[in-house]
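We did not get these values from a lab; they are worked out from the coordinates using the rules stated. If you're wondering where the values come from, they're calculated on a predicted model, not measured in any experiment. Positions of Cβ are generated from backbone atoms using ideal geometry, with glycine treated the same way; all protein chains shown enter the neighbour counts.
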Amino acid sequence: MGETTNLDIFTDSFLPLLKAGIAFTVPLTLISFALGLVLAMLTALARLSDLRPLAWAAGFYIWIIRGTPLLVQLFIIFYGLPSLGILIDAFPAAVIGFSLSVGAYGSEIIRASIVSIPKGQWEAAYSLGETRLQALRRIILPQAARVSVPPLSNSFISLVKDTSLAATLTVTELFQKGQQITAAVYKPLLIYSEVALIYLIFCTVLALLQRQLERYFDRYSTV
């Protein structure tokens, strides 16, 4: 039998790595970002609320999440909470950790986007008989969405790469699959480069989708 070449290893490992990315990395990213986006919207609105306790609670949550490493947060959720009798499986623990992170960072993006809308837009809505909630939903948020799409899209792309941290929680996503294959074939440079290539493909596709999304929200441009 001939000697196994790097090309053989590359082709043999590509499909298992891609499957791990599609089966775990992509769902983990989508679920975490969707939940995090809902949390981000609620937190942003809480920060803008006239209810001081609500605004304070939202600010405290953002302070905690932004001030501590994501890896430490994941370890607290997965390895720390069991000491309190709270057992969470690896994948849900990763979803919770990533969602909390997206919620904190995304809330500041959404809040800044809402604040950036000229006050005249609010006044125009009120002059048409709109309530504050109606003005927010029909006029302010569509315009704020256009402003927030680029930074939120960047956060989404960053989340794709951050999911590699889930490997520390034993989630068999793309990066951990790469570690398993590396341990079997002893080709770290080749396998990790392959992992990086797949991440690059995922992020490139998302960047292209981001451009389409920005064009969609251009309809709300007031310029």
Identify, please: which residue in region 42-78 is closer than 29 Å to Leu133 by Cα and hydroxyl-bearing (Ser, Thr, Tyr) and is, among those, surrounded by the fewest Cβ atoms within 10 Å (Cβ to Cβ)?
Ser49
Starting from region 3-25, keep only residues that are over 29 Å from Phe91 (Cα atoms), then list their pairs with residues that are aliphatic (A, V, I, L, M) and in a helix (DSSP H, G or I) whose Cβ atoms are within a distance under 7 Å, requiring at least 6 positions of separation or different chains.
Asn6/Leu190
Quick count over region 13-41, residues being surrounded by fewer than 16 Cβ atoms within 10 Å (Cβ to Cβ), under 30 Å from Ile181 (Cα atoms) and of a type in the set (Gly, Ala, Ser), is 1
Step by step: first the residues of region 162-201, then only those that are under 21 Å from Ala90 (Cβ atoms) and of a type in the set (Phe, Trp, Tyr), then the one that is farthest from the chain's Cα centre (by Cα). Which residue is that?
Phe175
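Just give me the residues in region 118-133 being within 17 Å of Ser49 (Cβ to Cβ) and either assigned to a helix (DSSP H, G or I) or touching a residue at least 12 places away in the same chain (Cβ under 8 Å) (or both), in sequence order.
Listed by number, the residues that qualify are Trp122, Arg132, Leu133.
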Taking helices (runs of 4 or more DSSP H) that do not extend beyond region 139-222, which have at least 3 residues that are crowded, with 16+ Cβ neighbours inside 10 Å and aromatic (Phe, Trp, Tyr)?
188-217
